[in-house]
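The values are calculated or read from the model by the stated rules, or taken from the named source; none is laboratory data. On a predicted model such as this, the values are computed, not experimentally measured, just so you know. FYI the Cβ positions are ideal-geometry reconstructions off the backbone, even for glycines, and counts take in every protein chain you see.
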């Protein structure tokens, strides 16, 4: 469904704090405009808008809307950004798609792959675009990494990927969200680890995964354990193995290593780049030599640095996400890559949770 405007008109469905960052991104996209914010109460929507306008004011008014249905049914909105809790996303994403709205959903996109498939099917039936909110997919850094991984000399044959994304969350926040965010830390931050692993392997699916909940909280509805510290391993048909560690109980880190037969890539900030005006990663080809009683390990490291600001700047990955999506809406082009890769990520996450909840037994993926 093509917009009749030259600017993609956005609605924000919910007033979650993460949406404030993406308010800024939409404003800076250049081909997008925020029309309205919908919340369960109009006062919540007004507070959200006031907070955002105080930080990043728009040169136009933004409407506060009471109720998600009322926002979805507006005829002056082309696309919706949906940062609602995971347990609510499927219902409202399907309603948005049926109303002809293009949709970006925060991660994890759904509770299960079956739920996400329903969202994708609804988007297909209505001819609208779906995308998940993985901002680093839109960074110039991934393009540069792809070139390094594919040059056959810097890393050589890829053999091992290790990754870690964690931060310390408030216990009250963890318990309050244990029902509406049932995948816990694996869904909240592990989605990024899974996607990065998939990127490195050109979106090949693993043949087997194992997951383990190292620490969890009993859900108050009695339906299981929400992970707050998790480890997982993915095995691929080409012999590559990958591990991920996620936690709400370990200091903030977001690093990854890609190890091959000739060297390795190291990223220190693969999800949210450190504050500044460039993004980077290092390529390492350490060497070892010895003679007599001397054994020398030499560091050989080069840094790949690219001009790209953090924090929703016009060049930032978050802004590029909304610019890219708005371009798709305005051109009436649908890119099937985005729903396909979101479904792959969801399937891996589901399998890791299945393994973790069954004594860490291996779970096969076809």
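Here is a yes/no grid of residues against (1) surrounded by 21 or more Cβ atoms within 10 Å (Cβ to Cβ); (2) touching a helix residue (DSSP H, G or I) at 6+ places or on another chain (Cβ under 7 Å):
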site	(1), (2)
319	yes, yes
324	no, yes
327	no, no
337	no, no
353	yes, yes
Is at least one residue of segment 258-265 under 30 Å from residue 176 (Cβ atoms) and buried (at least 18 other Cβ atoms within 10 Å of the Cβ)? no
Taking the condition of being surrounded by fewer than 18 Cβ atoms within 10 Å (Cβ to Cβ), outside any loop (DSSP other than H, G, I, E, B) and in contact (Cβ under 8 Å) with a residue 12 or more places away in the chain, how many residues in segment 163-198 meet it? 3
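Using the structure shown, decide if residue 229 is surrounded by fewer than 16 Cβ atoms within 10 Å (Cβ to Cβ), on the phi < 0 side of the Ramachandran plot and touching a helix residue (DSSP H, G or I) at 6+ places or on another chain (Cβ under 9 Å). Walk me through how you get there before you give the answer.
Numbers: surrounded by fewer than 16 Cβ atoms within 10 Å (Cβ to Cβ): no; on the phi < 0 side of the Ramachandran plot: yes; touching a helix residue (DSSP H, G or I) at 6+ places or on another chain (Cβ under 9 Å): yes.
So residue 229 fails the test.
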Any residue at all in segment 305-313 that is at positive phi, surrounded by fewer than 13 Cβ atoms within 10 Å (Cβ to Cβ) and at pLDDT below 95? no
Residue that is nearest to residue 112 (Cα to Cα), among those in segment 85-98 that are surrounded by fewer than 21 Cβ atoms within 10 Å (Cβ to Cβ) and in contact with a helix residue (DSSP H, G or I) (Cβ under 7 Å, 6 or more places away or on another chain): 94
So which residues in segment 45-59 are surrounded by 14 or more Cβ atoms within 10 Å (Cβ to Cβ) and free of Cβ contacts under 8 Å to residues at least 24 places away in the same chain, if there are any at all? 46, 49
Do you know which residues across segment 282-306 are in contact (Cβ under 8 Å) with a residue 40 or more places away in the chain and under 30 Å from residue 56 (Cα atoms)? 306
For residue 41, which of the numbered conditions (1) in contact (Cβ under 8 Å) with a residue 12 or more places away in the chain; (2) exposed (fewer than 14 other Cβ atoms within 10 Å of the Cβ); (3) within 23 Å of residue 311 (Cβ to Cβ) fails to hold? (3)
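Every residue, every condition in (1) touching a strand residue (DSSP E or B) at 6+ places or on another chain (Cβ under 8 Å); (2) on the phi < 0 side of the Ramachandran plot; (3) assigned by TED's automatic domain parsing to the domain that holds residue 47; (4) without any contact (Cβ under 8 Å) to a residue 12 or more places away in the chain, yes or no:
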residue: 66; (1), (2), (3), (4): yes, yes, yes, no
residue: 73; (1), (2), (3), (4): no, yes, yes, no
residue: 83; (1), (2), (3), (4): yes, yes, yes, no
residue: 90; (1), (2), (3), (4): no, yes, yes, no
residue: 93; (1), (2), (3), (4): yes, yes, yes, no
residue: 97; (1), (2), (3), (4): yes, yes, yes, no
residue: 100; (1), (2), (3), (4): no, no, yes, no
residue: 109; (1), (2), (3), (4): yes, yes, yes, no
residue: 114; (1), (2), (3), (4): no, yes, yes, yes
